[in-house]
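> One structure, pasted below without further comment.
The values are calculated or read from the model by the stated rules, or taken from the named source; none is laboratory data. Treat the numbers as computed from the prediction; the structure is a model and nothing was measured. With ideal geometry, Cβ positions are generated from the backbone for all residues, glycine too; neighbour counts draw on all protein chains shown. What goes into the accessible areas is simple: the full protein's heavy atoms, side chains included, and nothing from ligands, DNA or RNA. Shrake-Rupley method; radii C 1.70, N 1.55, O 1.52, S 1.80 Å.
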Amino acid sequence: MLGVIRSRKGSIFVETAVACITLVVFLTCCVEIFTLITTEMYISKIAREGGREASLTGSESAGAAKARDVANQYLPGKVQSDGIRIYKAVDENKSHVICEVTVDYRFFSSLRSGGIGGRSLHAQAVYPWWDENM
Amino acid sequence: MRSVLKTQKGQVMVEFAIAMIIFMLFVFALFAFGMWGAASFFTQEIAHEVARKYAVTDSVTQAESAGKGLMGRMAYVFIKPETIQIEVRKEGTSAVSEIKAKPRIDKYFVFHMPYITKTSEATLEHYIREGSKDQYVGRY
């Protein structure tokens, strides 16, 4: 095998192998970027659903429960219990409910437990408090 | 042609041809895998949406209609619409959806792509809300 690789005969096969490996790495990176974007989209969705629920019902706990439920649906096991924060903010003449979702995203976690590096993803949704909907 | 193949130039050409075949097989496999991945993603999205719709409306018809509606958003490029099977049911306090679909590219040479099956679960809306379902203020 080594003899074939060392000779000129094997050069094209070596080049093909290198090209294939490069393609696999490229594809893996594409998949990872796609996963990162979908995670970002999902946490925005979780924040919106939680904020909307709290706004409609006038209950922060209902909003948090909804956000947790959507998080379990879309990103099971990825959103920590302290990753969802829902609170009321009052300014001069208006009150809002704010839902914040934070996820610690680990790169290549599907290939290696714990992943390689990572970053914190954050999403926020602001809705009027329930009485502003009337 | 024979004389060309017998020379060193010809040897390189033959090797290149074989390598190209291997390389193209590899590229097509990547393409088929990508298409299958996209089909899988869209099937999961449909499952999520069907479960959510059923959790909110408590209507199987509306949930199925939402699932079929999602097919119109690019999903039909990757999934064969006629093969999609939507099943939604209540399990305790949850709405559970199960979607089966066949990817658009269902055969790669001798390899048959498997049916894609995805499930999703959402808590029924009135179990999240405080009070009864009658207090629901959103639109069905």
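> Where residues in region A:26-53 are among the β-branched types (Val, Ile, Thr) and open to solvent by 20 Å² or more (accessible area, probe 1.4 Å), which of them is farthest from the other protein chains (Cβ to nearest Cβ)?
A:Ile33
> Okay, next question. Mind checking whether some residue in region B:75-86 is more than 10 Å from chain A (Cβ to nearest Cβ), in a helix (DSSP H, G or I), crowded, with 19+ Cβ neighbours inside 10 Å and free of Cβ contacts under 8 Å to residues at least 40 places away in the same chain?
yes
> For region A:54-87, give me each residue that is among the hydroxyl-bearing types (Ser, Thr, Tyr), more than 9 Å from chain B (Cβ to nearest Cβ) and open to solvent by 30 Å² or more (accessible area, probe 1.4 Å).
First, pick out the residues of region A:54-87 that are among the hydroxyl-bearing types (Ser, Thr, Tyr): A:55, A:57, A:59, A:61, A:74, A:81, A:87.
After this cut, where a residue has to be more than 9 Å from chain B (Cβ to nearest Cβ) as well, the list is A:55, A:81, A:87.
Within region A:54-87, A:Ser81, A:Tyr87 meet the criteria.
> Using beta carbons and a limit of 7 Å, which pairs, at least six apart or on different chains, have the first residue in region B:117-135 and within 17 Å of A:Arg52 (Cα to Cα) and open to solvent by 50 Å² or more (accessible area, probe 1.4 Å) and the second one modelled with pLDDT of 70 or more and among the small types (Gly, Ala, Ser)?
So the pair list comes out as B:Glu130/A:Ser59; B:Glu130/A:Ala62.
> Now, a different point. Any chance you could count how many residues in region B:4-49 are open to solvent by less than 80 Å² (accessible area, probe 1.4 Å), at pLDDT below 85 and more than 8 Å from chain A (Cβ to nearest Cβ)?
So the answer is 4.
> Any chance region B:58-68 includes a residue that's in contact (Cβ under 8 Å) with a residue 40 or more places away in the chain and open to solvent by less than 40 Å² (accessible area, probe 1.4 Å)?
Checked against the condition, which is being in contact (Cβ under 8 Å) with a residue 40 or more places away in the chain and open to solvent by less than 40 Å² (accessible area, probe 1.4 Å), region B:58-68 yields at least one hit.
> Of the conditions (1) touching a Leu at 6+ places or on another chain (Cβ under 9 Å); (2) over 28 Å from A:Glu32 (Cβ atoms); (3) of a type in the set (Asp, Glu), B:Glu82 fails just one. Which one is it?
(1)
> Let me ask another. Output yes when any residue across region B:55-70 is within 17 Å of A:Asp69 (Cα to Cα), in contact with a helix residue (DSSP H, G or I) (Cβ under 9 Å, 6 or more places away or on another chain) and small (Gly, Ala, Ser), and no when none is.
Yes, region B:55-70 contains a residue that is within 17 Å of A:Asp69 (Cα to Cα), in contact with a helix residue (DSSP H, G or I) (Cβ under 9 Å, 6 or more places away or on another chain) and small (Gly, Ala, Ser).
> Same structure, new question: Here is a list: B:Ala47, B:Ala19. Which entry is within 18 Å of the chain's Cα centre (by Cα) and aliphatic (A, V, I, L, M)?
B:Ala47 is the lone residue from the list that is within 18 Å of the chain's Cα centre (by Cα) and aliphatic (A, V, I, L, M).
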